[in-house]
Amino acid sequence: MSESGHSATGYIVHHLTNLKVGEGFWTLHLDTMFFSISLGALFLWLFMKAAKSATSGVPGPLQNFCEIMVDFVDTQVKDSFHGRNPVIAPLALTIFIWVFLWNAMDLVPVDLLPAIAGLLGIPYLRVVPSTDLNSTFGMSIAVLLLVYYYSIKVKGPAHFAMEVLTHPFGKWFMPFNLLLRIVEDLAKPISLGLRLFGNLYAGELIFILIALLPWWIQFTLGWPWAVFHILVITLQAFIFMVLTIVYLSMAHEDH
């Protein structure tokens, strides 16, 4: 606030600015990378710890939580994925937990971590990776690449090419079929990335606006919005996971 002249606009812009290095296409958002990698490492560490300390007796809280998550994701895969691939369930679990951890950073008080970073000489810090289009599109594009990989691997290059060129209107309308396929394939990562980004960006902006209000109004409005936002962050992680499963299931199916 002091750097922005105590203006509300400057405060909002400051909180919505990433810590960057580089120029143009080669710009890296260091805060997004830091929190994404840190949360991914936290996810791996928690589940590895639960696996190593697993017992057939009464499970502890961590083992119980991990088993619930595994069973939940496994049920979603069985309901939505109609092929055979041992990678799909671990991939879906990783996406769900990782995206949920991304989103959960939105529940951290908006001034807490940026203030700590400011004491360390770091001018900007955005703590929610899913409010950065680079991260949401990065994951959605990775899903699209997996769709292409398994489409070619399962169906074969020739069969995949015939599917792209002849579906849905037959071989006499190859240009139209190809155009529709391009639109369909572009819509997948765009819808995945923008849906996650838009919902979390809006949530972050509302938290920032609440932080501009007097403390007693912050307390009055902050808690209800935080409780409601728990549903949003969980739902967005669930949608991203389910759509990933559905897209990969389609990649394993023959028309």
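The values are calculated or read from the model by the stated rules, or taken from the named source; none is laboratory data. Predicted, not measured: the structure shown is a model, and the values here were computed from it. Neighbour counts run over all protein chains shown; Cβ positions are idealised from the backbone, glycine included.
Observations on the structure shown:
- Any hit, the stretch 188-207, residues being at pLDDT below 95 and more than 26 Å from the chain's Cα centre (by Cα): no
- Residue count for the stretch 71-97, restricted to those that are part of a helix (DSSP H, G or I) and surrounded by fewer than 16 Cβ atoms within 10 Å (Cβ to Cβ): 7.
- Those helices (runs of 4 or more DSSP H) of the stretch 149-255 in which 1 or more residues are under 24 Å from ALA89 (Cα atoms) and β-branched (Val, Ile, Thr) occupy 174-211, 215-251.
- Candidates in the stretch 18-58 are the residues that are surrounded by 14 or more Cβ atoms within 10 Å (Cβ to Cβ) and of a type in the set (Ser, Thr, Tyr); of these, the one that is nearest to THR94 (Cα to Cα) is SER36.
- One residue stands out in the stretch 121-147 among those that are surrounded by fewer than 17 Cβ atoms within 10 Å (Cβ to Cβ) and β-branched (Val, Ile, Thr): the one that is farthest from ASN85 (Cα to Cα), namely ILE122.
- Among (1) over 30 Å from VAL87 (Cβ atoms); (2) in contact (Cβ under 8 Å) with a residue 12 or more places away in the chain; (3) surrounded by fewer than 16 Cβ atoms within 10 Å (Cβ to Cβ), the one test that GLU204 misses: (3)
- Residues in the stretch 221-240 that are crowded, with 18+ Cβ neighbours inside 10 Å and over 11 Å from the mean Cα position of the chain (by Cα) were compared, and the one that is farthest from ASN103 (Cα to Cα) is GLY222.
- Count of residues meeting criterion [among the charged types (D, E, K, R) and closer than 30 Å to THR166 by Cβ] in the stretch 178-211: 4
- Checked against (1) of a type outside the set (A, V, I, L, M); (2) in contact with a strand residue (DSSP E or B) (Cβ under 6 Å, 6 or more places away or on another chain); (3) over 30 Å from PHE207 (Cβ atoms), PRO90 passes all but a single condition, namely (2).
- Qualifying residue in the stretch 130-146 (condition: small (Gly, Ala, Ser) and not in a helix (DSSP H, G or I)): no
- Filter result for LEU42 (modelled with pLDDT of 95 or more and among the aliphatic types (A, V, I, L, M)): yes
- Checking ASP185, ASP106 one by one, the residue that is acidic (Asp, Glu) and either at pLDDT 95 or above or within 26 Å of VAL13 (Cβ to Cβ) (or both) is ASP106 and no other.
- First in the stretch 148-159 and over 16 Å from ARG84 (Cβ atoms), second anywhere and among the aliphatic types (A, V, I, L, M) and at pLDDT below 95, Cβ under 8 Å, 6 or more apart: TYR148/ALA251
- Against the criterion of being at pLDDT 90 or above, over 29 Å from VAL242 (Cα atoms) and surrounded by 17 or more Cβ atoms within 10 Å (Cβ to Cβ), PRO114 qualifies.
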